[in-house]
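Report on the structure given below.
The values are calculated or read from the model by the stated rules, or taken from the named source; none is laboratory data. Since this is a predicted model, take the numbers as computed values, not measurements. All Cβ positions, even for glycine, are placed from backbone atoms using ideal geometry, and neighbour counts span all protein chains on display. Ligands, DNA and RNA are stripped out before the accessible areas are found, and what is left, the full protein with its side chains, is counted by its heavy atoms. Shrake-Rupley method; radii C 1.70, N 1.55, O 1.52, S 1.80 Å.
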Amino acid sequence: RDSISVAWNWKKNKPVQIVDTAGIRRGVKRERSDEIEDLAVLDAMRAMKLADVAVLVLDARARYVQRQELAIADAVVREGRALVIAANKMDLIVDEEYTKHDFANAVQEQIETRFPMLRQTPVVAMSSLYGDNVFKLMPVVFKARERWARVIPTGQLNRWLEEVLDEHSPPMQNGRPTRIKYILQTKGRPPTFLLFCNVTELPINYLRYLTRSFQDSFDMFGMEVRLVVKASAETNPYTSKSNKNKTTGVGGWQGRQKRFVAGLKRTGKPLQKGRRARHKK
């Protein structure tokens with residue numbers, strides 16, 4: 001079937017565009033000649049690309065995230081969307097020994113094992129039949145969107161970077177120390193940041209360390225934080241080569257010292273304070 005879009009105001013003052021897509025089955029379970037189901041899958045993937053937050057609905061009776069659901073989570077990450085998991089039919093598996101909290105922790109651990117960048121992905125364990133915990137879903141979705149669209153000031157980012165580098169500096173590359181000079185955010189949705197370094201790339205293990213620290217510091221869970229390495233120039237790019245040896249104004253202490261020595265060489269006595277010698281042509 002086609003995706004169904006519904007405009008809705010949550011709590012009467014927060015507009016939401018909800019898109020209900022068709023379920024996506026594993027390829028081996030689909031009939032090869034069923035073009036209608038293939039079109040429904042393409043429509044669902046197109047709706048995900050336009051979404052801010054993707055809610056992945058699980059059947060809790062399986063007690064774990066199945067392979068097809070992991071593939072959908074991977075597509076959410078690659079598209080840069082925020083991910084929230086809604087585990088339905090919890091009323092069929094919850095008992096005195098197995099709680100909703102146990103199921104949510106198991107799902108988080110499984111997803112993090114497969115996708116390390118999706119640490120502490122929000123999981124809402126609920127039962128739509130009895131309305132249990134259904135009211136908790138939308139607050140989690142709105143918080144996920146706020147994190148996903150957040151813009152962090154450059155000063156705050158660089159204070160975080162300074163603390164991280166003091167705790168664990170990047171490894172040397174090609175016999176020379178690796179320096180991360182500064183960081184800035186290029187855009188939100190998804191959150192993307194530029195690391196200006198003296199190298200073209202950082203080791204994958206160190207990038208994972210930076211990502212984990214970043215998520216812990218700024219609460220960026222349930223989404224991919226994109227840290228892009230950019231090699232910066234050794235010299236100041238705003239300094240013109242043609243003006244490299246030219247000076248203007250008083251020149252500071254070094255300029256005064258040079259004029260003092262030049263005055264002694266020409267006249268045998270220093271220049272008077274506040275005056276400069278002018279050469280006659």
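Which members of the stretch 131-167 meet the condition of being open to solvent by 50 Å² or more (accessible area, probe 1.4 Å) and of a type in the set (Lys, Arg)? Walk me through it before giving the result.
Initially, the stretch 131-167 is screened for residues open to solvent by 50 Å² or more (accessible area, probe 1.4 Å), giving 132, 134-136, 143, 145-146, 150-151, 153-154, 156, 159, 162-163, 166-167.
Answer for the stretch 131-167, where residues must be open to solvent by 50 Å² or more (accessible area, probe 1.4 Å) and of a type in the set (Lys, Arg): Lys136, Lys143, Arg145, Arg150, Arg159.
Taking the stretch 146-184 as the range and being touching a Ser or Thr at 6+ places or on another chain (Cβ under 7 Å) and closer than 15 Å to Thr211 by Cα as the test, the residues that pass are Trp160, Val164, Pro170, Leu184. Of all the criteria given as (1) without any contact (Cβ under 8 Å) to a residue 40 or more places away in the chain; (2) open to solvent by less than 60 Å² (accessible area, probe 1.4 Å), the one not satisfied by Arg119 is (1). What are the residues in the stretch 40-81 that are part of a helix (DSSP H, G or I), charged (D, E, K, R) and in contact with a strand residue (DSSP E or B) (Cβ under 9 Å, 6 or more places away or on another chain), if any? Passing the criteria: only Glu69.
Just one of the numbered conditions (1) modelled with pLDDT under 90; (2) open to solvent by 50 Å² or more (accessible area, probe 1.4 Å); (3) under 23 Å from Gly23 (Cα atoms) is not true of Lys100: (3). The set of residues in the stretch 120-155 that are over 16 Å from Gly80 (Cα atoms), out of contact with any helix residue (DSSP H, G or I) (no Cβ under 9 Å at 6 or more places or on another chain) and not in a helix (DSSP H, G or I) comprises Gly131, Pro153.
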